[in-house]
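Engineer: Take this structure first; my questions come after.
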Amino acid sequence: MKNKITNQPEAHSSRLITKNTMKKLQDNVTIITGGGKGIGFGLACAFAKEGSNIVITGRNEARLLNAKERLEAEYGVKVLAMVADGADEARIKEVIAKTIETFGKINTLINNAQASKSGLSLIEHTKEDFDLAINSGLYATFFYMREAFPYLKETKGSVINFASGAGLFGKWGQSSYAAAKEGIRGLSRVAATEWGPDGVRVNMVAPLAMTESLKEWKENYPELFEKTIQSIPLGRFADPMQDIGRVCVFLASDDASYVTGETISLQGGSGLRP
């Protein structure tokens with residue numbers, strides 16, 4: 001009898017260790033557009049660390065394959081890398097079909113990729129410049145959401161779309177980019193309303209993150225970079241994996257099961273709103 005009592009805490013401790021080491025997104029499947037670099041790769045690392053298998057898309061095959069190799073080696077998950085232009089509706093259908101063929105399900109869709117002619121004033125934009133932002137951002141998000149929905153419905157999954165402070169705060173030289181991002185926010189809010197009864201959640205994040213492009217900008221314009229840093233209460237740009245990725249992991253997890261239709265501003269305090 002004495003031995004049985006002694007052994008009980010060990011069994012209980014073992015169960016606690018197992019529970020505490022379980023990953024939030026174990027065996028999930030997450031699609032991340034623009035997942036080969038920058039914020040997208042940071043997101044892929046954060047989700048892979050939590051046990052999710054990953055689908056990454058982008059336009060640079062070599063970059064995608066390098067990202068795939070790094071993710072699989074470091075996190076032990078399976079990664080599907082596919083070249084895809086967000087404006088190519090047929091190709092997006094192929095991405096979704098290949099995802100289902102490979103993994104059999106979709107738990108989370110993250111629309112991160114976006115191109116634009118940032119830095120041009122509104123009156124300098126051509127129709128082609130404006131089309132670039134709308135096609136790569138708004139249309140791509142629409143196509144991916146529409147094609148993924150039947151599978152998200154099966155898993156009671158979620159969508160995380162990327163907004164921007166450019167649209168929230170009307171930043172100079174960001175007219176086409178802001179238009180695309182605010183269009184994505186409107187699309188996301190409607191989807192949250194329409195898809196809520198099916199258990200599919202749709203949220204948005206508006207990040208201010210340190211990326212490869214921003215590092216180049218810092219080197220080329222150090223004084224302007226320092227001035228920008230001074231306008232951020234937390235005094236730094238976000239880390240794509242730790243700061244942006246962890247919030248997105250939360251939004252994709254059961255911890256956020258009652259969060260939908262929201263825009264979370266990850267601006268280090270520079271996006272203060274009433």
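Values quoted throughout were computed directly from the atomic coordinates according to the rules given, and no laboratory measurement underlies them. Since the structure is predicted, the reported quantities are computational estimates derived from the model, not experimental observations. Every residue, glycine as well, gets a Cβ built from its backbone with ideal geometry; the counts of neighbours run over all protein chains shown.
Engineer: For a 32 Å ceiling on Cα separation, which of these pairs sit above it: Lys49/Lys227; Lys24/Lys98; Lys24/Lys181; Lys98/Lys215? Intermediate results must be reported in sequence, preceding the final value.
Structural biologist: Numbers: Lys49/Lys227 34 Å; Lys24/Lys98 25 Å; Lys24/Lys181 29 Å; Lys98/Lys215 35 Å.
Among Lys49/Lys227; Lys24/Lys98; Lys24/Lys181; Lys98/Lys215, the Cα-Cα distance tops 32 Å for Lys49/Lys227; Lys98/Lys215.
Engineer: A further question follows. Taking the Cα centre as origin and putting +1 on Lys and Arg beta-carbons and -1 on Asp and Glu beta-carbons, what dipole magnitude results for the chain, to the nearest 20 debye?
Structural biologist: On the way: 33 positive and 31 negative charges, 186 e Å.
Approximately 900 debye in magnitude.
Engineer: Give me Ser176, Ser164, Ser231 sorted ascending by neighbouring Cβ count inside 10 Å, so fewest comes first. It would help to have the intermediate numbers written out before the result.
Structural biologist: On the way: Ser176 24, Ser164 27, Ser231 11.
Listed from fewest to most nearby Cβ atoms, that is Ser231, Ser176, Ser164.
Engineer: Now for a separate question. Could you work out how far helix 89-103 tilts from the main Cα principal axis of the chain, as a 0 to 90 degree angle to the nearest 10?
Structural biologist: 10 degrees
Engineer: Any idea how far the Cα center of the stretch 207-230 sits from the one of the stretch 106-126, in Å?
Structural biologist: 19 Å
Engineer: What does the charge count around Ala81 come to, taking other residues whose C-beta lies under 13 Å from its C-beta (Lys +1, Arg +1, Asp -1, Glu -1)? Before the final figure, lay out each step's value.
Structural biologist: Values: positive: Lys37, Arg59, Arg63, Lys68, Arg70, Lys78, Lys98; negative: Glu61, Glu69, Glu72.
Once all neighbours under 13 Å are counted, the net charge is +4.
Engineer: While we're looking at this one, here's another question. Can you give the calculated 222 nm mean residue ellipticity of the chain, where each DSSP H run of n ≥ 4 adds -39,500 (n - 2.57) and the sum is split over every residue, rounded to the nearest 500 deg cm²/dmol?
Structural biologist: Numbers: 11 runs with 136 residues, N = 274.
For the chain, the value works out to -15500 deg cm²/dmol.
Engineer: Suppose every Lys and Arg Cβ carries +1 and every Asp and Glu Cβ carries -1, with no other charges. What dipole size does the stretch 87-180 come out with about its Cα centre, to the nearest 20 debye?
Structural biologist: On the way: 10 positive and 10 negative charges, 70 e Å.
Around 340 debye, computed over the stretch 87-180.
Engineer: Using a Gaussian network for the chain with springs between C-alpha atoms less than 10 Å apart, which of these wobbles most: Gly58, Gly76, Gly245?
Structural biologist: The residue that fluctuates most here is Gly76.
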